[in-house]
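Written below as structure tokens is the structure these notes are about.
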Amino acid sequence: MDRMLELFQQENQPVKRYWLLMKVAPLERLQQMQKGLLYMNSIDYFSELKGEDGVKVRSDELESTYVQFQTGVVHNNHRIEIALNHPSFSEVNIPKGTEVSLGVPSPKNTFIFCMSCIGEDKQGNIRHLKDDKYHMDRRMKKFGSHTLLINKPAKFFQRYSDAINRADFFVNDYMDGGCGIVDYKKMSKHKGKIGLFVKDKHYDWQREYRFVLGAKDSLLNASGALELNIGDISDISSIIETKRLIEEPITVTRGIASLKADGKYHWRKLDV
């Protein structure tokens, strides 16, 4: 790992646990997904994507940026200083406070598969929960007319893991374990690691969970994308219209089952 990037590696580690995963897309693409196809584009693709006016949905020019910082400013007990040297002139020091950004290595060979999720953040809060109701944002319709819901998340993760272990894929130090909930920050003020699991607050309505995977050129299709087959998942998923999740929120109920004197577990609801 690049020494300079290594200084920021432990920042912003993503939460990996989730309760429910959802993929919003056109119906045909979701039917292909149920048969096992995960179509993964590179972070290079998303950072260079053009043609989205107004509210950005998929394009993000910071997608391939690993870290942004200011020279000469202390960050995590380190201060990065940059100087330019050449035999024809004396050393030139980059002024303190100069904005610098460094990219994710091999962005065209780093792929992501994005889903929406319901799950707790690092503080134990469920994002975008109103009382006990989870509302899907209306803008999610921009991704597609239908939504695939993973009914058994643990089995989905196992099939994904089995698939990537069968081929010559990789998850390196830059990928923070290869999966997690995306955190959202105001990037105009953010200094430090962005990595693959931090995006601007403008995107927080997407409530994203992403899988990250590295692949060599020989495994890519003609468009430079990765077509990962994890096997049929129709037994652990269902497809519904996206508008139903927008109009009819998901109810989140939490409770405790306690063992009583009668030898049985008795359940009671907890306030959210």
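The values are calculated or read from the model by the stated rules, or taken from the named source; none is laboratory data. Since the structure is predicted, the reported quantities are computational estimates derived from the model, not experimental observations. Cβ coordinates were reconstructed from backbone atoms using ideal geometry, including for glycine residues, and neighbour counts include every protein chain displayed.
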- Can you give me the number of residues within the stretch 1-23 that are at pLDDT below 90, of a type in the set (A, V, I, L, M, F, W, C) and not in a loop (DSSP other than H, G, I, E, B)? 2
- Task: Select from the stretch 228-239 the residues that are part of a strand (DSSP E or B) and either in contact with a Ser or Thr (Cβ under 6 Å, 6 or more places away or on another chain) or surrounded by 15 or more Cβ atoms within 10 Å (Cβ to Cβ) (or both) and list them in ascending order.
- Result: Leu228, Ser237, Ile239
- Task: Scan the stretch 163-219 residue by residue and report those that are over 11 Å from the mean Cα position of the chain (by Cα), assigned to a loop (DSSP other than H, G, I, E, B) and touching a residue at least 24 places away in the same chain (Cβ under 8 Å).
- Result: Ala167, Asp168, Val171, Asn172, Met187, His190, Lys191, Ile194, Lys216
- Message: Let me spell it out: the conditions are (1) in contact with a helix residue (DSSP H, G or I) (Cβ under 8 Å, 6 or more places away or on another chain); (2) buried (at least 20 other Cβ atoms within 10 Å of the Cβ); (3) of a type in the set (A, V, I, L, M, F, W, C), and Met175 meets all of them except one. Which number is the exception?
- Response: (1)
- Message: Tell me the residue from Lys130, Lys142, Lys56 that is within 30 Å of Pro26 (Cα to Cα) and exposed (fewer than 12 other Cβ atoms within 10 Å of the Cβ), please.
- Response: Lys130
- So which residues in the stretch 120-134 are closer than 15 Å to Pro14 by Cβ and in a strand (DSSP E or B)? Glu120
- Message: Quick check on His78: is it out of contact with any strand residue (DSSP E or B) (no Cβ under 8 Å at 6 or more places or on another chain), farther than 30 Å from Tyr39 by Cβ, in contact (Cβ under 8 Å) with a residue 40 or more places away in the chain and surrounded by fewer than 17 Cβ atoms within 10 Å (Cβ to Cβ)?
- Response: yes
- Message: When you check Lys108 against the structure, is it more than 28 Å from Asp235 (Cβ to Cβ), modelled with pLDDT under 90, of a type in the set (D, E, K, R) and not in a strand (DSSP E or B), yes or no?
- Response: no
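Of all the residues that make up the stretch 16-32, how many are touching a strand residue (DSSP E or B) at 6+ places or on another chain (Cβ under 6 Å) and either of a type in the set (Gly, Ala, Ser) or buried (at least 16 other Cβ atoms within 10 Å of the Cβ) (or both)?
Number of matching residues: 7.
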- Starting from the stretch 15-42, take each residue that is in contact (Cβ under 8 Å) with a residue 60 or more places away in the chain and list its partners that are basic (Lys, Arg), counting only C-beta distances under 8 angstrom and pairs at least six apart or across chains. Val15/Lys122; Val24/Lys141; Leu30/Lys23; Met33/Lys23; Tyr39/Arg29; Ser42/Lys108
